[in-house]
1. Could you tell me whether residue 151 is more than 21 Å from residue 217 (Cβ to Cβ), open to solvent by 30 Å² or more (accessible area, probe 1.4 Å) and modelled with pLDDT under 95?
2. Output the qualifying pairs, or none if there are none: Cβ atoms under 9 angstrom, residues six or more apart or on different chains, first residue in the range 18-43 and of a type in the set (Asp, Glu), second residue at pLDDT 75 or above.
3. If only one of 289, 328, 353, 280 is over 22 Å from residue 242 (Cα atoms), of a type in the set (A, V, I, L, M, F, W, C) and in a strand (DSSP E or B), which one is it?
4. Considering each of 363, 344, 299 in turn, give the residue that is in a loop (DSSP other than H, G, I, E, B), touching a residue at least 40 places away in the same chain (Cβ under 8 Å), among the β-branched types (Val, Ile, Thr) and surrounded by 16 or more Cβ atoms within 10 Å (Cβ to Cβ).
5. Of all residues in the range 250-265, which are surrounded by fewer than 16 Cβ atoms within 10 Å (Cβ to Cβ) and either in contact (Cβ under 8 Å) with a residue 24 or more places away in the chain or out of contact with any strand residue (DSSP E or B) (no Cβ under 6 Å at 6 or more places or on another chain) (or both)?
6. Looking at 301, 323, can you tell me which residue is under 19 Å from residue 278 (Cα atoms) and among the aromatic types (Phe, Trp, Tyr)?
7. Among (1) open to solvent by less than 10 Å² (accessible area, probe 1.4 Å); (2) part of a loop (DSSP other than H, G, I, E, B); (3) farther than 22 Å from residue 297 by Cβ, there is one condition residue 186 misses while meeting the rest; what is its number?
Amino acid sequence: MEFKLILKKLNNTLSDEEAIIFREWYNESDLHREYFIRVKESYQDETFLIDIEKGWNAIEKKINPVVVKKTNYLKYAVAASIVLLISITFLFKKENVEKSVNPVVTNNNINIGTDKATLTLEDGTVVDLEKGQQYISDNLASDGQELVYKEPSTSPKEIVYNYLTIPRGGQYHVILSDGTEVWLNSESQIKYPVTFANGKTRQLELVYGEAYFDVSPSHKNGGSKFKVQTGTQEVEVLGTEFNIKAYNDEEYIYTTLVEGKVTIKNNKQKEILKPKEQAVLKINDNNFVVTDVEVFSEIAWKRGLFSFKNKPLKDIMKVMSRWYDVDVVFENKSLEHIEFKGVIDKNQNIEDVLTLIKNTNFINGYDIKNNTILLK
């Protein structure tokens, strides 16, 4: 289907024949409907769409089914979710009349992020895990994209811990011994038991960074609870999916519930989160508030996407710096506060992303020198 039919639908100008084509496309899948809703929302709030028809054409070429391995890091990103790779559909809200300049690129060593991590074993041994490399021991195995722990045949005599550290420019997926799955974003670290004791609380720590948890239910683990410690807060679950973002260079910890039920508490407050709610903890005063959020944007990173909803460029570039392992310098500090809205495919070169932003005419241009980006 041509993208112009979506625009004609929004303007109520479809012919009878076009209406049939649109209806067939719309009813074909949930992802088509979700895409249409997102375009409609952007269209109605009077934002501008950059090269959106070009983006649609690129998307249409990728909609053919693709087999996704169950153990892949993106196991929940079914093939048709490529519809959401709207890297060309970047939306913006303000105006800028300054003339842009061509970028200067010197020794561009910036690579797209990939699957990689450092595993620290209980005896202090450090193992580098990288895409394309295998690591196997008695109780765990890695194919370079994910780390899988074996379920023990008996309860351990003592609890020992491993650390999994994700560098800037990395991501990783780990399946714990109880079947809980954890997806780790760039610049993150978790501490967790190699095996959990039967019937006792399963507890791990998100030391810093961002992680998505799909927790193995308590009824499959002798009724044991599951807890995640992050700084001064604790999240307790029975079997659910949630996301925690707690970077060292940010002043807030964000806990987003996707499914199920969690209790979040610290020494001052205790709240029960419902799906599509987010607890935001301000670190310096240890208080948190609970708000409704759009879950898609909060967990898009796990699906291989960046999703920004009215985010200032400073925050966007902070996310980019982690994924591409780069430093970003704002030559013009006022650029830091310009708000953008859109969805971007993580698996594209940094220059494509920067060109996309540059084409909005908010920035005059950018330069790349080694691993530093200068925004003008």
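The values are calculated or read from the model by the stated rules, or taken from the named source; none is laboratory data. Computed from a prediction, not measured in an experiment: that's the story for all the values here. Cβ atoms come from the backbone with ideal geometry, glycine included; neighbour counts cover every protein chain shown. Areas reflect the complete protein model, heavy atoms only, side chains present, ligands, DNA and RNA absent. Shrake-Rupley method; radii C 1.70, N 1.55, O 1.52, S 1.80 Å.
1. For residue 151, the condition - more than 21 Å from residue 217 (Cβ to Cβ), open to solvent by 30 Å² or more (accessible area, probe 1.4 Å) and modelled with pLDDT under 95 - is not met.
2. Close Cβ pairs satisfying both conditions: 18/5; 18/8; 18/9; 34/296.
3. After applying the criteria, what remains is 328.
4. None of the others qualify; the one that does is 363.
5. Correct list: 250, 251, 252, 261, 263.
6. None of the other options fit; the residue is 301.
7. The single condition residue 186 does not satisfy is (3).
The rows are residues; the columns are (1) open to solvent by less than 30 Å² (accessible area, probe 1.4 Å); (2) more than 25 Å from residue 362 (Cα to Cα); (3) at pLDDT below 95.
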{"residue": "84", "(1), (2), (3)": "yes, no, yes"}
{"residue": "96", "(1), (2), (3)": "no, no, yes"}
{"residue": "100", "(1), (2), (3)": "no, no, yes"}
{"residue": "104", "(1), (2), (3)": "no, no, yes"}
{"residue": "112", "(1), (2), (3)": "no, no, yes"}
{"residue": "128", "(1), (2), (3)": "no, yes, no"}
{"residue": "131", "(1), (2), (3)": "no, yes, yes"}
